[in-house]
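Working notes, beginning with the structure itself.
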Amino acid sequence: VKSLAVFSLGVVVFSCNKREIIPPPEPKVELKTHFYGKINGSDLELTQNVNGYTGSSGVDLLINANTLDSAIYHSKLSSTQTLQSVSVGHGSLIFDWGASERPTLAKFESFYLSGLNQQQVFSTSGLSGFTVTYTDGSGKEWRSNSNSSYPQEKAEYKSMATESDKNGDYAKFKVNFDTYVYHTYFDNVDQLYITDSILITDAVYTGWYKR
């Protein structure tokens with residue numbers, strides 16, 4: 001008589017729960033941009049995230065073949081819904097393009113932190129000082145210059161701090177200023193250039209420069 005033996009094989013499964021490791025949040029610099037001022041006596045306020053306004057920063061690099069190079073940083077508050085905008089700029093930071101494509105962080109911090117609570121000199125296009133550009137609702141650009149024709153002209157950083165995150169290095173600031181800005185155009189009838197002006201007073205611009 002043949003006997004059939006059936007063996008049951010038990011399989012034991014061990015479950016191992018892996019602990020999920022959540023990395024700490026990466027630091028992110030908070031960037032805010034805002035403008036308030038009087039344009040020829042009329043109040044104007046531009047606010048980030050209102051009416052399409054956002055802040056941005058740019059840099060003009062002046063590369064010279066025979067001398068040291070320079071950088072002029074700008075901060076701008078502009079909108080996708082209107083042409084009206086305000087920007088400020090300040091230069092120049094002297095650096096060596098051959099050694100670095102941008103001024104070093106140390107130079108960047110030293111340049112802007114040293115200007116806190118100091119009266120700034122106005123300079124055309126920010127080549128050697130502070131500059132303001134106002135774009136009106138029709139798209140005309142009005143720029144400050146270095147003529148100092150307005151006795152009450154002034155610009156002063158009321159706050160300045162440098163911060164960094166994975167996206168870059170920033171100089172965050174608040175600057176107060178009063179100045180004339182100018183728009184020059186060619187009059188086809190009289191065949192000559194005409195310069196108009198706008199007075200900006202009680203202006204407070206909060207923004208940032210990105211290295």
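Once the stretch 28-88 is represented by equal point scatterers at the alpha-carbon sites, with solvent omitted, what log10 I(q)/I(0) does the Debye formula produce at q = 0.15 Å⁻¹? Taking Cα atoms of the stretch 28-88 as identical point scatterers yields -0.58. Evaluate the relative contact order of the chain (contact order divided by residue number), counting alpha-carbon pairs under 8 angstrom at least 6 apart; express in whole percent. Over the chain, the number comes to 21 percent. Exposure here means at most 12 other Cβ atoms within 10 Å; with GluC sites (Glu not before Pro) in a DSSP loop as sites, the longest stretch of the chain lacking them is 102-211.
Output the Kirkwood hydrodynamic radius of the chain, Cα pairs only, in Å rounded to one decimal.
Working: mean 1/r = 0.0494 Å⁻¹.
Result for the chain, one decimal place: 20.2 Å.
Taking G58, G37, G168 in turn, the Gaussian network model of the chain (Cα-Cα springs below 10 Å) assigns the largest fluctuation to G168. Both numbers refer to the Cα atoms of the stretch 138-204; Rg and Dmax are 17.2, 55 Å. When the residues K38, K107 are ordered by accessible surface, computed with a 1.4 Å probe over the protein chains alone, the sequence from largest down reads K107, K38.
Computed with a 1.4 Å probe over protein heavy atoms only, the accessible area of W97 comes to about 100 Å².
Gyration tensor analysis over the Cα atoms of the stretch 63-171 returns equivalent ellipsoid semi-axes of 25, 18, 16 Å (largest first, whole Å). Heavy-atom accessible surface of I21, to the nearest 10 Å², is about 150 Å², with a 1.4 Å probe and all protein chains retained. GNM on the chain, alpha-carbon springs under 10 angstrom: the most fluctuating residue among V132, V88, V189 is V189.
The values are calculated or read from the model by the stated rules, or taken from the named source; none is laboratory data. Everything numeric in this text was worked out from a predicted model, so none of it was measured. When we count neighbours, we look across all protein chains shown, and the Cβ atoms used for this are built from the backbone with ideal geometry, even at glycine. Heads up: the accessible areas ignore ligands, DNA and RNA and are worked out on the full protein's heavy atoms, side chains in. Shrake-Rupley method; radii C 1.70, N 1.55, O 1.52, S 1.80 Å.
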